[in-house]
Amino acid sequence: MQIGVLTETAPYERRVALTPESAGRLIAAGHSVYVQSGAGRAADEDDDAFREAGAMIARTPEEILGNIDLLTGVGQLDQQTAAKLTPGTAVVGLASPKEGRGPAGVLVDRHATFFALEQLPRITRAQSMDALSSQAMVAGYRAGLVAAERLPRFFPLLMTAAGTVPPARVLVLGAGVAGLQAIATAKRLGAVVEAHDVRDSAPEEVRSLGARFLTLDVETQTSGSGGYAREQSSDALSRQRKALAPYVAAADAVITTAAVPGKPAPLLVTADMVEKMRPGSVVVDLAADNPHGGNCELSRPGEDVRHHGVLIHGGRNVPSELAGHASRLYGANMAAFVLAMCRDGVLLSTPEEVAADEIAAACCVLLKGEFR
Ligand code: NAD
């Protein structure tokens, strides 16, 4: 197969869909990889490294788009690029046009096929392809660092001749992949960490990292399909906020990572709760770029907002802030996915072939111009 990699065009996107390492894996399996010159620059991967891996470098997107069977991507595909796809081209990426993230109409016109990695089933065979988890891990790590960096206090306990500095108290809300990584990062920096999540498997995972799980008088859930939480009623959320309020007020840093796939992020920290925090405290909201608003009422994606002396940092494409490693992990997920979706070197392409493979059936949102 001829596989393409373009410079990402979505705002604030620094990642690249394949790195030299992952491109090399596909090339070793008999595929050809075409990379737009400079596509890896923002992720610190230069053209020479791609050449050494056996990829071909093209100057313009047009040189690639007319020659490929499969386009790999990370962020939302733009309209102009989609319009230049050769009819019948397949696209693999994270921004599903079925969820309104991408030029659905143009892709239909181009008879394109789209595999959305965010639809990946969480089964053992798909673990190496799990781009949502790899990118959430990057975001969680980064959130821990941002909290430490924005907080005008130490994270660790310090015993000095000038006196003892107590460790910072960090509260992590949402203990999935990102939250667990935020907990681990804050712990490594010496903070005392507490966490809460609504899933009943979360307490054990939180405790295994040496953090304290907050058992609140709120309803818990058995994990839904794929390990995800389900949306809560507004009553349940309001009870949860009430139970969380004293812990938010006592925290030096609150890191929020709570999400329910395809739904608005649960509102866990209101302006009123922020006003009860000590001046200088911080809130880092990883859910801030959810189109319906983040976990904190005051967060704005990509901005630092000050409210009553508390700094609220809203995440915006946080994995891109660590574009190098985020791309390496994403590229590895992408290569594993593409290899798993090929039979005799060709991508699965008929409705029967797609339906017969659990991963293809879940991820294929558009097949030869028809939404599924
Ligand atoms: P996610 O990004 O959808 O959500 C993040 C977290 O927010 C979840 O833990 C969720 O329970 C939590 N949350 C939702 N509403 C909340 C609320 N009101 N208050 C507090 N927390 C709330 O989830 P994720 O991180 O992608 O995955 C969640 C779980 O799925 C993981 O912890 C893991 O157990 C499982 N998982 C399984 C696989 C696999 O089987 N291959 C891979 C990755 C994750």
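Every number in this text was worked out from the coordinates using simple rules, so none of it is lab data. Small disclaimer: the values here were computed from a predicted structure and weren't measured. Cβ placement follows ideal geometry from the backbone for every residue including glycine, while neighbour counts extend to all protein chains displayed.
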At 0.36 nm per residue, and after removing the present C-alpha to C-alpha distance, how many nm does the segment from GLU52 to GLU231 gain when stretched out fully?
59.7 nm
Restricting things to alpha carbons, find the Rg to Rh ratio for the chain using the Kirkwood radius for Rh.
1.01
Nearest-0.05 FRET efficiency for ALA249 and ILE123, computed from C-beta distance (R0 35 Å)
0.25
Expressed to two decimals, region 249-353 has a Cα Rg over Rh, using the Kirkwood radius, of 1.21
At q = 0.17 Å⁻¹, what log₁₀ I(q)/I(0) does a Debye calculation on the Cα points of region 207-293 give, no solvent, two decimals?
-0.83
Label-to-label distance, nm, for residues given as GLU352 and LYS276 (7 Å Cα→Cβ offset)
6.3 nm
Within region 241-356, percent of DSSP bridges classed antiparallel, to nearest 5:
40 percent
Separation of alpha-carbon centers, region 70-142 and region 1-62, rounded to whole Å:
16 Å
Please work out whether region 222-264 counts as rounded, prolate or oblate from its C-alpha gyration tensor, where a ≥ b ≥ c are the square roots of the eigenvalues and a/c under 1.5 means rounded, while otherwise a/b larger than b/c means prolate and anything else oblate?
prolate
Along Cα→Cβ, 7 Å out, is where each label goes; now give me the distance between the ones at PHE371 and GLN80 in nm to one decimal.
2.6 nm
Taking LYS98 as the anchor, which lysines have their alpha carbon closer than 23 Å to its alpha carbon, excluding any fewer than eight residues away along the same chain?
LYS84, LYS263, LYS368
Around LEU85, under 15 Å between beta carbons, what's the net of Lys plus Arg minus Asp minus Glu among the other residues?
-2
So if I take the alpha carbon set of region 1-149, get Rg, then get Rh from the Kirkwood formula, what is the Rg over Rh ratio?
0.97
